[in-house]
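Worksheet for the structure shown next.
The values are calculated or read from the model by the stated rules, or taken from the named source; none is laboratory data. Every value quoted in this text rests on a predicted model; they were computed, and no experiment measured them. So basically every Cβ, Gly included, is an ideal-geometry build from the backbone, and we count neighbours across all protein chains shown. Heads up: the accessible areas ignore ligands, DNA and RNA and are worked out on the full protein's heavy atoms, side chains in. Shrake-Rupley method; radii C 1.70, N 1.55, O 1.52, S 1.80 Å.
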Amino acid sequence: MSEPSANTIPAGSVHDRALAAYLGLAIGDALGATVEFMTPREIAYQYRVHDQITGGGWLKLPAGDVTDDTTMSLALGQAMVDAQGWSMPHVAQAWVEWLRQGPVDCGNTCRRGIRRYMGDGSLEGPLREGDGGNGALMRNLPVVLATLHSSAAFERWSIEQAHFTHHHPLSDAATLCLGHMVRDWILAPETASRRMPERAAQLVAQYPAFRFDPYPGRATGYIVDTVQTVLHFVLQEPDFEACVVATVNRGDDADTTGALAGMLAGARSGLQGIPTRWLKALKPQVRQAIEQQVRQLLALPAV
Ligand code: MG
Ligand code: MG
């Protein structure tokens, strides 16, 4: 039997929303990479509005290619597929291989965590004030897709993968909050539009640093700035394209804010909401890897 292609997946199904979240992540990464580390003013001067997947940027990325946000996610997802479930040693080894292959980019905290493991075999770093980057959050989508059957497994696996490189309470809270939002959109879309602002309000009540109304306007790789930007634009812009364009045009860590906005907006809109020109612009190998991995993650045995 041939594999189902994207256009045979029923609109509005779990598979449709899961795939749209993953393709949305990759599209936001590919689009945002062009303007990573630019200011909103620089972007407006150069592009007026940046809304085409053209590659380039400081990484000199080929058009349609993605960065560490997507490739680290794919490595994490593949480790779960290979282990047919959760195995942090499999995940650790997958990231070692990923780093050895010379990824186009790797954040400092991610690199330090992988190197720590290579040195002493430890699967968790100590609690660290400096671990408040967005690296654990940016790569957690495959855990969400592998644990749709169990909220407890989602939370446990998410924290385990996070602490491999980022051991920080704000990173943990953000990783769980945005993951739960994606789960809501995939599993219960009829109530997710009410649940999303409730979850955002709970996060802000627990950690007031995340307050994003009024929007402070910073979009750096610090977890607070990233989450404020993503939640502001996802809640403000119901349309996938408008949401991702507004997000990446804030510049700074635009590939990661774009990836996370694309993930949430994709889970919300399904494949139908994603512009065809962006799907076509994405590197075919990346799109195929995501399509295959989503099928495999959704088919993992329940724990
Ligand atoms: Mg990146
Ligand atoms: Mg980035």
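For the range 35-106, which whole-number percentage of the solvent-accessible area (1.4 Å probe, protein heavy atoms only) is attributable to carbon and sulfur atoms? That fraction is 52 percent.
I'd like the FRET efficiency for Tyr45 and Ala209, computed as 1/(1 + (r/R0)^6) with the beta carbon distance as r and R0 of 30 Å, rounded to 0.05. Could the numbers behind the result be given before it?
Values: r = 31 Å, r/R0 = 1.04.
Approximately 0.45, to the nearest 0.05.
Probing with 1.4 Å while keeping every protein chain in the model, the per residue accessible area of the chain equals 40 Å².
Net charge dipole, the chain: roughly 120 debye, given to the nearest 20, about the Cα centre with Cβ charges of +1 for Lys and Arg and -1 for Asp and Glu.
Please report Rg over Rh for the range 15-298, where both radii come from the alpha carbon positions and Rh follows the Kirkwood definition.
Numbers: Rg = 17.0 Å, Rh = 18.3 Å.
Rg/Rh for the range 15-298 comes to 0.93.
Computed over the chain with a Gaussian network model linking Cα atoms closer than 10 Å, the most mobile of Ala162, Ala11, Ala75 is Ala11.
Helix screen, the chain: DSSP H segments with Cα axial length of 24 Å or more and mean Kyte-Doolittle hydropathy at least 0.0 are 14-33, 169-187.
Across Ala200, Ala289, Ala79, mean-square fluctuation computed from a Gaussian network of the chain (C-alpha pairs under 10 Å connected) peaks at Ala289.
Centre-to-centre, using Cα atoms only, the range 51-108 and the range 163-236 are separated by 22 Å. When the chain is treated as a Gaussian network with alpha carbon springs shorter than 10 Å, the biggest mean-square fluctuation among Thr257, Thr226, Thr191 belongs to Thr191.
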